[in-house]
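Comments concern the structure below.
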Amino acid sequence: MSLTRRFNRIGQAALLSAAFLSVGCSYLKDRGNDFADMFAIGVTVSSKPTASLYVSFFSAVTLGWSNFEGTFIGWCQREGGVVPARQKAGGVVLWAYEQVGYGDEFKMDDPKSPAEWNAGLVGLFGENTPPASYTATCNKWVHVGFIGVTANCKWSQIFDFLVGLTTVDVLGDDTFSKGSGRAPAPEKPAAKAPAE
């Protein structure tokens with residue numbers, strides 16, 4: 001190998017390394033978060049006996065019923081752990097309603113939280129559509145008595161991850177607000193009332 005060719009390869013390696021290192025920590029963190037958003041897999045536990053058998057394919061075709069409220073143990077919302085969960089749904093092929101929340105996505109003491117939305121091919125074209133992160137979701141819930149399993153695949157999050165490799169934030173869930181390229185402005189502290 002000639003000396004010129006060696007210097008060429010060293011230069012190419014240096015340029016490639018500089019390009020990789022210049023993407024920044026927030027880019028890598030956002031891609032990691034997008035990857036972690038793609039699945040929810042775990043075990044469900046309830047304090048009261050309940051039943052769930054519900055399946056949805058890309059939020060377009062649904063079948064089953066679920067009335068689960070309890071605890072989810074597994075991977076969801078970018079981390080593993082134990083979080084409160086609500087999986088309420090009913091589906092008949094092309095129409096369904098869903099009310100799904102994990103952890104801080106809802107308030108456990110409020111039965112209307114999170115807001116219910118429509119699913120199924122017919123339901124997706126109505127006014128009450130699912131949040132972006134739950135569009136094109138493949139839910140699989142089985143819960144009998146006090147224990148069950150959950151396996152959710154969020155195709156919209158997979159798309160967000162793949163497109164996010166180009167730095168475009170389809171679902172608006174990255175560090176910077178909605179692809180503006182700027183971090184959100186910090187909140188100003190509340191003004192103190194004058195002392196009397």
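The values are calculated or read from the model by the stated rules, or taken from the named source; none is laboratory data. These figures come from a predicted structure and were not determined experimentally. Note: ideal-geometry Cβ built from the backbone for every residue, glycine included; neighbour counts use all protein chains shown.
What the table shows:
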quantity: Which numbered condition PRO114 misses (of (1) loosely packed, with under 14 Cβ neighbours inside 10 Å; (2) in contact with a helix residue (DSSP H, G or I) (Cβ under 9 Å, 6 or more places away or on another chain)); calculated: (1)
quantity: Residue that is modelled with the lowest pLDDT [pool: residues in segment 117-132 that are polar (S, T, N, Q) and surrounded by 13 or more Cβ atoms within 10 Å (Cβ to Cβ)]; calculated: THR129
quantity: Hits in segment 116-148 (condition: in a loop (DSSP other than H, G, I, E, B) and within 17 Å of PHE72 (Cα to Cα)); calculated: ASN139
quantity: Scope segment 75-98; condition under 12 Å from the mean Cα position of the chain (by Cα) and buried (at least 22 other Cβ atoms within 10 Å of the Cβ); matching residues; calculated: CYS76
quantity: Flag if LYS48 is farther than 24 Å from ASN128 by Cα, surrounded by fewer than 16 Cβ atoms within 10 Å (Cβ to Cβ) and touching a Ser or Thr at 6+ places or on another chain (Cβ under 9 Å); calculated: no
quantity: Residue within segment 71-90 that is in contact with a Lys or Arg (Cβ under 8 Å, 6 or more places away or on another chain) and under 22 Å from TRP155 (Cα atoms) present; calculated: no
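Here is a yes/no grid of residues against (1) within 20 Å of the chain's Cα centre (by Cα); (2) surrounded by fewer than 19 Cβ atoms within 10 Å (Cβ to Cβ):
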residue	(1), (2)
LEU53	no, yes
SER56	yes, no
PHE68	yes, no
ILE73	yes, yes
VAL100	yes, no
